[in-house]
1. List the residues, sorted by chain then number, that are 5 or more residues from Asn41 or on another chain and whose placed amide H is less than 5 Å from its amide H.
2. Determine ³J(HN,Hα), in whole Hz, for all residues of the stretch 147-155 in sequence, where each value follows from phi through the Karplus function 6.51 cos²θ - 1.76 cosθ + 1.60 and θ = phi - 60°; x replaces Gly and Pro.
3. Out of residues 5 or more away from Arg74 or on other chains, whose amide H comes under 5 Å of its own, with H placed 1.01 Å from N in the peptide plane?
4. Could you give the dipole magnitude of the stretch 1-150 about its Cα centre, charging the beta-carbon of Lys and Arg +1 and that of Asp and Glu -1, in debye to the nearest 20?
5. Working only with C-alpha atoms, what are the Rg and Dmax values of the chain, expressed in angstrom?
6. Could you work out the longest stretch of the chain that avoids the GluC sites (Glu not before Pro) located in DSSP loops with at most 12 other Cβ atoms within 10 Å?
7. Do any trypsin sites (Lys or Arg not before Pro) in the stretch 105-172 lie in a DSSP loop with no more than 11 other beta carbon atoms within 10 Å, and if so, which?
8. In a Debye calculation with equal point scatterers on the alpha-carbon sites of the stretch 1-81 and no solvent, what is log10 I(q)/I(0) at q = 0.11, 0.16 Å⁻¹?
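Throughout, read-outs are computed from the coordinates displayed, never taken from laboratory work. Nothing here was measured: the structure is a model prediction, and the numbers come from that model. Here Cβ is always computed from backbone atoms with ideal geometry, including for glycine, and neighbour counts include all displayed protein chains.
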Amino acid sequence: MRHVAFLRNVNQGQQGHPSTDDLRRAFAEAGCTEVVPFQSNGTVVFEATDPEQVVADAVAALAARSGTEREAFRMPMHDVVRLVEAHSAEPDAQRRELTLHGGSAIDLRGAANVREAARRRCVIAETGEGWAVSINERDHESNATPTLERITGLPATSRGLPTLVRLVARFG
């Protein structure tokens, strides 16, 4: 089954960050033969029967290689496809982003969550176990990661919907 790993705070090729080859090797050490890094932001498409273990092993291999531990989240490709299909036709699609986090589904109507999102100039549009889709008030802003980190108290990472549209077009 095809999955997508989303590594937090990765800018491949920049000083102090893992390279594309580092990511490939880490996932290969975790047992994956079909590994394709996508763009340079820590997004990795891979095939696995035990994706949770693969991501955990890849993150451990990456930490051993680089000396820096990073959080990583994953989502089955079919779920990414569903979210892209559900959100890409909206008039504000370019301002939407998917955020993955380590918590449970958040209450998008909860007063404290609505206030926190508004304070950071976004609205939470949809949530599920470990993820949320948010809409930023302005183009070229990315406010979902700090919003979801504040709400959940856990690390998070986001990818803009335009990036996910390109991901699905290539791999979905």
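1. Result for Asn41 returns Gln12.
2. 4, 5, 5, 5, 5, 8, x, 10, x
3. Phe6
4. 440 debye
5. In Å, with Rg to one decimal and Dmax whole: 15.7, 45.
6. 70-128
7. Of the trypsin sites (Lys or Arg not before Pro), the ones in loops of the stretch 105-172 whose Cβ has at most 11 other Cβ atoms within 10 Å are Arg109, Arg138.
8. -0.23, -0.48
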